[in-house]
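A quick write-up on the structure given underneath.
The values are calculated or read from the model by the stated rules, or taken from the named source; none is laboratory data. What you see is a predicted model, and the numbers here were worked out from it, not measured in a lab. For neighbour counting, all protein chains shown are included, and Cβ atoms are generated from backbone atoms with ideal geometry for every residue, glycine included. For accessibility, only protein heavy atoms count, side chains too; no ligands or nucleic acids. Shrake-Rupley method; radii C 1.70, N 1.55, O 1.52, S 1.80 Å.
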Amino acid sequence: MSKSLPRLILFGPPGAGKGTQSNLLCEKFSLPHISTGEMMREEIKLGSSLGKKVKAILDRGELVSDDLVIELVKHRVSNADCKKGYLLDGFPRTLAQAEQVTLLKCAGGDHIVTLVIELEVPEEMLLERISKRNADSTVTRSDDDIAVAAKRLKVYTDQTAPVAAYYRGRGELKEVDGVGSVEEVQSRIIETVKKSFPGL
Ligand code: AMP
């Protein structure tokens, strides 16, 4: 039987800690970290035509088109470094994107198994965390402005939250308490991942 390879998806609202936790998890399990938000911020920094196209959208806290982001991810997961699995951070964010994930093949040809980890953080803590991130001068994200952050939360509720129900229905979603120190949340996530992928 072919080996099950992990397709981990870190899921949750803005400010839930997806970026930090994804970085740690990828280091721990030697998986490539695929963050669609990072990919787009990189393009903006480079001043590429794609970057110019998406900058205003990110600045408003809205979502980039499904077609564009799906194309980016399809291309990224075909890289050789994704042969042993990968972690998606910030993708999928709509039902249309989630349906496309299911169709993504693994470059290695092995059986890929999806595990979605939903980080649960109460809404009042999210804005607090984002404004703290905003005050930290080492992090510069124009979309961390508090009005934009509120907009991103609304976009999450309207367009992204239904994705959790989609994965719950497929039996691929596990909830993890996202309240606590980075280390506490990390060990909860690791425990959850190991239950699904004991060989990792
Ligand atoms: P993030 O770093 O994941 O919070 O993403 C920052 C911004 O990039 C989002 O607010 C969106 O404007 C855009 N973005 C990132 N991932 C996606 C996605 N999967 N679909 C649409 N837009 C996205």
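Listed by chain and number, the lysines placed with their C-alpha closer than 17 angstrom to that of residue 18 are 28, 132, 174; residues fewer than eight positions away on the same chain are left out. Sorted largest first by accessible area at a 1.4 angstrom probe radius, with every protein chain in place, the residues 75, 33, 111 fall in the order 75, 111, 33.
Taking the Cα centre of region 3-61 as reference, the dipole from Cβ charges on Lys and Arg (+1) and Asp and Glu (-1) amounts to some 140 debye. Each Lys and Arg contributes +1 and each Asp and Glu -1, all at the Cβ; summed about the Cα centre of region 1-119, the dipole is approximately 200 debye. With K and R counted +1 and D and E -1, the other residues having a Cβ less than 14 Å from that of residue 33 yield a net charge of +1.
Helix content alone sets the calculated 222 nm mean residue ellipticity of the chain: runs of n ≥ 4 DSSP H residues at -39500 (n - 2.57) each, divided across all residues, give -16000 deg cm²/dmol. Averaged over its residues, region 1-105 has an accessible area of 48 Å² per residue, based on protein heavy atoms and a 1.4 Å probe. Each of 58, 8, 103 has its accessible area taken with a 1.4 Å probe; listed largest first, they run 103, 58, 8. Counting protein heavy atoms only, region 29-76 has 55 percent of its accessible area on carbon and sulfur, 1.4 angstrom probe. Of 182, 169, 157, which is farthest on the positive side of the dipole of region 157-200, counting Cα position, with +1 on Lys and Arg Cβ, -1 on Asp and Glu Cβ, and the Cα centre as origin? The residue sitting farthest along the positive end of the dipole is 169. Considering only 198, 126, 78, and ranking their Cα positions along the charge dipole of the chain that arises from unit charges at the beta-carbon of Lys, Arg, Asp and Glu, the one farthest toward the positive end is 78.
Across the alpha-carbon set of the chain, the Rg to Rh ratio works out to 0.94, Rh being the Kirkwood radius.
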